[in-house]
Amino acid sequence: MENILKTGTTTIGFIIEEGVILATDKRASMGYYIASKNVNKIAKIDEHIGMTIAGSVGDAQFLIRHLQNISRMYRVDNEKPIPVKSLVNYLSNVLFYYRYYSPFLIQLIVGGYDTEPRLFSVDMAGGVTEERYAATGSGTTFGISVLENEYRYDMSIDEAVALAEKAIRTAMQRDMGSGEGVNVALISKNREFRWIKV
C-alpha cells in the first residue's frame with residue numbers, strides 16, 4: 001500500500017450526451033523524482049471502451065493487455081463488442097480475487113459507449129461505482145472540485161474538452177505528482193475511441 005502513495009497523477013472521466021471524456025496529466029513520478037514527462041495514462045481497451053490509470057505502471061499495463069485480449073475474444077465469440085458493464089464486472093472479479101495475495105496497486109476509471117455512455121470508478125480491491133464524473137490519483141481533490149462546480153451532462157464536445165483540460169491543469173497547479181501537460185480522449189456515440197488532445 002505504501003507504493004501507491006508514493007506515485008502521483010490526476011485522471012478524470014465524465015459522461016456527456018455525445019459520449020465519454022477521459023483526461024489525464026503526463027507526469028510519471030516516483031516519490032519526489034519525476035521519472036517521465038510524457039506518459040500516456042489513457043488506454044484504448046476496445047473501439048468503444050477506454051481506461052485511465054493511476055498507481056503502479058506495471059500493474060496497469062498488465063491489466064490493459066488482459067482487458068484488450070478479453071474484449072477481442074468476446075468480439076470473436078459473440079460477433080459483437082463486449083458491453084462496458086460486462087468488462088467492468090470481469091475486471092472487478094480479477095481485482096477482488098487478488099486483493100489479499102498480490103493486489104494490483106491501481107485506481108482506474110473505465111468509460112465507454114454501448115447503448116449509452118457509461119463511466120465506472122474501480123478501486124484496487126475490485127470495488128466499482130458507476131458515476132457521471134470521477135477522478136483518481138494524488139490530484140483527485142483538485143480535479144474533482146472543478147467537475148463538481150462546472151460539469152453538465154448537456155455540454156458540447158468542445159465545452160467538455162475545455163472542462164477536462166481545466167480540471168487537470170487545476171490539479172497540476174497544486175499537486176506535485178501531476179504535471180507536464182494534458183491528454184484527452186473521447187469515446188463517441190459512434191462507439192469510436194479517438195484522441196482529442198495528446
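The values are calculated or read from the model by the stated rules, or taken from the named source; none is laboratory data. Since we're looking at a predicted model, the values are computed, not measured. Note that we place each Cβ from the backbone using ideal geometry, even for glycine, and neighbour counts take in every protein chain shown.
Can you say whether Tyr113 is more than 22 Å from Asp25 (Cβ to Cβ) and aromatic (Phe, Trp, Tyr), as far as the supplied structure shows? Yes; evaluated as a whole, the condition is true for this residue. When segment 120-138 is limited to residues that are closer than 14 Å to Thr52 by Cα and not small (Gly, Ala, Ser), the one that is surrounded by the fewest Cβ atoms within 10 Å (Cβ to Cβ) turns out to be Asp123.
Of all residue pairs spaced 6 or more apart or on separate chains, those with beta-carbon atoms under 6 Å, a first member in segment 25-49 that is buried (at least 20 other Cβ atoms within 10 Å of the Cβ) and a second member that is among the aromatic types (Phe, Trp, Tyr) and in a strand (DSSP E or B) are His48/Tyr113. Scanning segment 110-150 for residues that are hydroxyl-bearing (Ser, Thr, Tyr), touching a residue at least 12 places away in the same chain (Cβ under 8 Å) and under 17 Å from Val20 (Cβ atoms) yields Tyr113, Ser121, Tyr133, Thr136. Could you list, in sequence order, all residues of segment 139-174 that are surrounded by fewer than 23 Cβ atoms within 10 Å (Cβ to Cβ) and in a loop (DSSP other than H, G, I, E, B)? Tyr151, Arg152, Tyr153, Asp154, Met155, Ser156 - these are the residues of segment 139-174 that are surrounded by fewer than 23 Cβ atoms within 10 Å (Cβ to Cβ) and in a loop (DSSP other than H, G, I, E, B).
Can you confirm whether Gln107 is assigned to a helix (DSSP H, G or I), of a type outside the set (Asp, Glu) and under 15 Å from the mean Cα position of the chain (by Cα)? No: the conditions fail for Gln107. When each of Pro117, Pro103 is tested for being out of contact with any Pro (no Cβ under 7 Å at 6 or more places or on another chain), closer than 22 Å to Thr9 by Cβ and either crowded, with 19+ Cβ neighbours inside 10 Å or modelled with pLDDT under 90 (or both), the lone residue that passes is Pro103.
Selection of segment 37-94 for residues being of a type outside the set (Val, Ile, Thr), touching an Asp or Glu at 6+ places or on another chain (Cβ under 6 Å) and part of a helix (DSSP H, G or I) yields only Ser71.
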